[in-house]
1. Once phi is turned into θ = phi - 60°, what whole-Hz ³J(HN,Hα) does the Karplus curve with 6.51, -1.76 and 1.60 give for every residue of the range 124-138, x standing for Gly and Pro?
2. Using a 1.4 angstrom probe and counting only protein chains, how large is the accessible area of Asp167 in Å², to 10?
3. Could you work out the Kirkwood radius for the range 151-273, taking every pair of different alpha carbons, averaging 1/r and inverting it, reported in Å?
4. If you plug each phi of the range 23-36 into the Karplus form 6.51 cos²θ - 1.76 cosθ + 1.60 with θ = phi - 60°, what whole-Hz ³J(HN,Hα) values come out, in order, with x for Gly and Pro?
5. Sort 279-286, 174-181 for me by packing, meaning the mean count of neighbouring Cβ atoms within 10 Å per residue, highest on top.
6. Per residue, how many Å² of accessible area does the range 24-86 show with a 1.4 Å probe?
7. Provide the per-residue ³J(HN,Hα) series for the range 299-316, in order, calculated from phi with Karplus coefficients 6.51, -1.76, 1.60 and θ = phi - 60°, each as a whole number of Hz, with x at glycine and proline positions.
8. As a test question: what accessible area, to the nearest 10 Å², does Thr57 have when a 1.4 Å probe is rolled over all protein chains in place?
Amino acid sequence: MANKDGHRRFGSVRKLPSGRYQARYLAPDGTMRSGEQTFARRVEAERYLTLVESSMTRGEWIDPNRGKIQLQDYAERWIAERPNLRPRTIHLYGWTLGKHITPYLGKASLNRIDTPMVREWRSRLLADGVSVTMTAKAYRLLRAVLMTAVKEDELIRVNPCRIKGADQEKPAERPVLSVPQVFELAERMPARFRALVLVVTFGSLRWGEAVALQRTDVDAAEGTVRVRQAFVEHRGTGLILGPPKSRAGVRTVALPKAALPVLRHHLSEYVGDAPEAFVFTSENGRTLWRGNFNKLVNWSEAVAAVGAPGLHFHDLRHTGNDLASRAPGASLRDIMARMGHDSPRAALIYQHANREADRGIADAMDAAVKAIRRKPSKRKAKRPDAGEEPAAEAS
């Protein structure tokens, strides 16, 4: 804002030899600062100073020099210092950062990244053939990194990740097996792995949770399995045994009685007597690796034979979640507990899908009733002959 004599009360504007205008102001630490960019017109530089003064008045001013750190350096440190990340998550974050973020934005300073730049980066990913799902994961990672820069480290004032819908994945609908298909698939497995199919499906277990089960975790008499740990496959390190994916992942789930004979047979034939003996192992007693399992059991041929070509092993958990959501009287909290989720989001998806299916059944029934009512009756009332009185109604 200018005073009566033409001088500004806050900051100053000067014309550079290039013809552009530079804004300068006194920072709260007593040092003279220049704007991060120059301006084509004086009025633009003055508007910039007005915004700087306003942010200082509100206590929102951030030293531009703090945001000069490159995104790649900051993001790598963010991953390394993030608390409570599982090893596999650290690996996935690092891979996503190096594959889809830093090649495009890594050299940019945090305070130089704006929403148009983020929008262009996302468009380039999609144009380069990166899937919508993977692009959404990369966007969410970038947004989380920059949110820390805003909220915790106060390096930048606003998060430039503001693209509506960019964080949403749209994966293809995964198949769900019927109960007969589940048992048929189990029968098509080598005998050693039949119980694995049933436990994963009817217990809604993740792969890492299932292969980490030990004899002490299985109560064949009560028909329950206790999930308290999980294996994670980490490239370059191998299998790491740790806690489940989330705090809610620690749980005990009941299995249907129809699955228990197969489980009891498995325990007697393939599991050591020691409480710490792992329940599902390879023929040589080693821990199962997810990457080797399909070939080991001829998975593709087996799922095609039961009428579900392309079925993934993880779809067994999806099937179990769907069956649980259809159980009479199952509440949202019950489904969340069985799935091992802290958030109700996934459970709500299953409930919503089944409400839609139920509504479809009701609509079909309604249409059938209406169709019947529209049909004329086969027994038409006999019209009385001329001069004949209609018969009196029975009282």
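1. 5, 4, 5, 5, 7, x, 6, 5, 4, 5, 5, 5, 5, 5, 5
2. Number for this one is 50 Å².
3. For the range 151-273, the Kirkwood estimate is 17.4 Å.
4. My calculation for the range 23-36 gives 9, 10, 7, 8, 6, x, 7, x, 9, 7, 10, 9, x, 5 Hz in order.
5. Most protected by this proxy first, the peptides run 174-181, 279-286.
6. 62
7. Once rounded to whole Hz, the list reads 4, 4, 5, 5, 6, 5, 5, 8, x, 9, x, x, 5, 8, 4, 5, 5, 5.
8. For Thr57, the solvent-accessible surface is approximately 110 Å².
The values are calculated or read from the model by the stated rules, or taken from the named source; none is laboratory data. None of the values given here were measured: they were computed from a predicted structure. Please note: Cβ atoms are built from the backbone with ideal geometry, for glycine as well, and neighbour counts cover all protein chains shown. Please note that ligands, DNA and RNA were not included when accessible areas were found on the heavy atoms of the full protein model with its side chains. Shrake-Rupley method; radii C 1.70, N 1.55, O 1.52, S 1.80 Å.
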